[in-house]
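The next block holds one structure in the form of structure tokens; read it before the comments.
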Amino acid sequence: MISAEKIPNNVNLSSNKRLQRALEHWQPKYIQWWRDMGPQGFQDYHQVYVRTAISVDPEGWAHFEYVKLPEYRWGIFLADPVHDRKIGFGDFFGQSVWQEVPGEFRNQLRRLIVTQGDTEPASVEQQRLLGQRCPSMYDLRNLFQVNVEEGRHLWAMVYLLHSYFGRDGRDEAEELLERQSGNRDKPRILEAFNEPIDNWLDFFMFTMFTDRDGKSQLMSLSESSLDPLSRTTRFMLTEEAHHMFVGETGIARILERTCQLMKQAGFSEDVRKVGGIDIPMIQKHLNQWFSLSLDLHGSEVSSNAASYFANGLKGRAKEDTFDEHIVRDTFYNMEFFEEGKPVTKEILMRNAMNEVLRDWYVGDCAAGVARWNRILEQHGMSDRLRLPDRKFHRGIGMYSGFHFDPNGVPLSKEQWEARKYEWLPSAADTEYLLSIMDKPVYEPGKFANYIAPPRRGINQQPIDFEYVRTEQ
Ligand SMILES: [Fe+2]
Ligand SMILES: [Fe+2]
């Protein structure tokens with residue numbers, strides 16, 4: 001029997017029998033999925049110091065306790081309603097927002113929700129083996145915090161499917177547990193969510209860049225005219241911030257340690273000889289995850305994106321900071337690649353909405369990279385990290401049929417094949433990373449050689465706190 005205790009919520013679940021029954025039917029399948037596809041080796045005998053959202057106000061939402069992972073209380077929360085909220089963009093600008101799904105937009109909205117929902121369990125699947133190679137107990141706990149919250153994000157999308165999409169929604173909710181990251185027959189919908197994440201450099205880059213794509217998408221969905229979708233995604237954004245914190249500080253701590261090791265080894269020495277992660281290796285992983293995450297924003301010119309905007313389903317990040325919200329006769333200057341040369345053309349702004357969101361995303365990423373570079377600077381290093389050109393290593397959109405180096409210089413297929421591992425992780429790079437991560441560090445307060453400790457612990461606990469404990 002589902003109760004507010006089992007599923008913390010602010011949607012008055014106990015009074016909605018139909019929804020309650022639907023979720024009761026889905027929940028055991030979810031738990032089975034979590035056991036099969038969630039963190040491997042940490043299901044039965046470990047307790048993790050995690051936060052659980054029990055309400056949307058600041059105190060309720062930062063509730064910390066030790067929990068066995070399968071017993072985590074995945075809840076359903078919508079941010080507080082905005083009184084008299086009006087549609088903020090598109091053809092229905094200024095009208096009241098919708099509390100129900102308009103029939104004519106049902107398919108489009110379902111598609112948006114399913115695509116978002118599919119990424120949530122996918123990332124848990126991608127990360128399921130990382131616990132066995134963790135650099136510290138602090139990091140292990142952060143991994144699990146991210147994992148349970150991605151699980152909650154799945155709940156959030158399943159709540160919408162069950163509540164507003166009837167039979168189709170129920171079917172979609174089941175399928176969200178049936179597709180599997182990297183599975184040849186039933187893969188996850190988006191490509192970056194089928195890539196394996198088997199080492200912690202990948203994990204930190206994923207949470208920095210791919211969770212930040214999550215932030216872009218959630219920001220644009222939080223503008224939606226469908227009010228329950230807007231409120232759900234607004235609350236999800238507060239959790240997303242922690243995921244990006246894990247990624248950004250994870251890489252910052254690796255950089256910190258790399259600088260220390262470089263000094264110890266003598267500046268010219270190869271930092272790998274002392275078990276560190278060299279800066280070119282970090283840059284290659286940045287290139288990999290940044291380019292995969294650019295693809296997640298979709299094609300540069302997109303009639304779907306135009307239609308989502310026109311219909312008021314998906315807005316721009318921070319829609320209220322734009323001067324004009326109907327955007328019918330404005331243009332975007334877009335760079336095309338024709339006959340080996342860049343050419344700028346005017347595109348109707350609505351058709352360029354994916355690119356507009358990608359611009360916002362690139363800016364947000366660049367600010368993070370600048371923060372990383374300050375660490376290198378403080379250590380007196382001349383190396384700097386940078387974002388590759390957005391044409392580099394693209395699998396979706398107008399650049400996907402061509403090859404470019406990280407400066408955006410066109411390459412022939414042969415040149416690309418000959419040089420790609422200068423810019424992307426090679427099998428040998430991965431092998432090296434796995435060699436320095438072969439043993440987990442489970443002792444409180446101890447850290448793997450390649451990463452510095454964090455500045456502070458979680459929830460004001462000390463760094464050597466027992467963030468994950470084994471049951472006796
Ligand atoms: Fe998420
Ligand atoms: Fe996330």
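Side notes on the structure shown:
- I254 in a helix (DSSP H, G or I), among the β-branched types (V, I, T) and surrounded by 23 or more Cβ atoms within 10 Å (Cβ to Cβ): yes
- Criterion (part of a loop (DSSP other than H, G, I, E, B) and either under 23 Å from the mean Cα position of the chain (by Cα) or within 16 Å of ligand 2 (Cβ to nearest atom) (or both)) met by exactly one of V48, V82, V56: V56
- Flag not set for G247, criterion: modelled with pLDDT of 95 or more and near ligand 2 (Cβ under 9 Å from one of its atoms).
- Any chance I436 is crowded, with 17+ Cβ neighbours inside 10 Å, closer than 30 Å to F64 by Cβ and within 26 Å of the chain's Cα centre (by Cα): no
- Some residue of region 286-304 being among the acidic types (D, E) and buried (at least 20 other Cβ atoms within 10 Å of the Cβ): yes
- Test set (1) within 16 Å of ligand 1 (Cβ to nearest atom); (2) over 20 Å from A122 (Cβ atoms) - C259 fails condition number: (1)
- Of all residues in region 398-416, none satisfies being in contact (Cβ under 8 Å) with a residue 12 or more places away in the chain, part of a helix (DSSP H, G or I), closer than 20 Å to V301 by Cα and more than 25 Å from the chain's Cα centre (by Cα).
- Where M157 falls short, out of the listed (1) more than 16 Å from ligand 1 (Cβ to nearest atom); (2) farther than 30 Å from K446 by Cα; (3) hydrophobic (A, V, I, L, M, F, W, C): (1)
- Test: residue in region 153-164 that is over 28 Å from L229 (Cβ atoms) and either in a helix (DSSP H, G or I) or away from ligand 2 (no atom under 15 Å from the Cβ) (or both): no
- Checked against (1) crowded, with 16+ Cβ neighbours inside 10 Å; (2) in contact with a helix residue (DSSP H, G or I) (Cβ under 9 Å, 6 or more places away or on another chain), H379 meets all criteria but (1).
- Selection from region 177-200 of residues that are of a type in the set (K, R) and surrounded by fewer than 16 Cβ atoms within 10 Å (Cβ to Cβ): R184, K186
- Yes/no for K341 being in contact with a strand residue (DSSP E or B) (Cβ under 9 Å, 6 or more places away or on another chain) and either at pLDDT 95 or above or not basic (K, R) (or both): no
- Near pairs, Cβ below 9 angstrom, 6+ apart or cross-chain, from region 140-154 (under 14 Å from Q126 (Cβ atoms) and without any contact (Cβ under 8 Å) to a residue 24 or more places away in the chain) to any residue that is within 14 Å of ligand 1 (Cβ to nearest atom) and of a type in the set (A, V, I, L, M): none
- Scan of region 48-70 for residues that are at pLDDT 95 or above and buried (at least 19 other Cβ atoms within 10 Å of the Cβ), ordered by number: V48, Y49, V50, L69
- Condition met for V327 (out of contact with any Asp or Glu (no Cβ under 9 Å at 6 or more places or on another chain), in a loop (DSSP other than H, G, I, E, B) and of a type in the set (A, V, I, L, M)): yes
- Tallying residues that are more than 13 Å from ligand 1 (Cβ to nearest atom), touching a Ser or Thr at 6+ places or on another chain (Cβ under 8 Å) and of a type in the set (A, V, I, L, M, F, W, C) within region 198-218 yields 1.
- The residues listed here are G401, G368; of these, the one that is among the small types (G, A, S) and at pLDDT 95 or above is G368.
- Qualifying residue in region 110-123 (condition: crowded, with 24+ Cβ neighbours inside 10 Å and away from ligand 1 (no atom under 16 Å from the Cβ)): no
- Meets criteria (among the small types (G, A, S) and either within 16 Å of ligand 2 (Cβ to nearest atom) or more than 25 Å from the chain's Cα centre (by Cα) (or both)) for A122: yes
The values are calculated or read from the model by the stated rules, or taken from the named source; none is laboratory data. Fair warning: this is a prediction, and the values are worked out from it, not measured in the lab. Cβ: placed from backbone, ideal geometry, glycine included. Neighbour counts: every protein chain shown.
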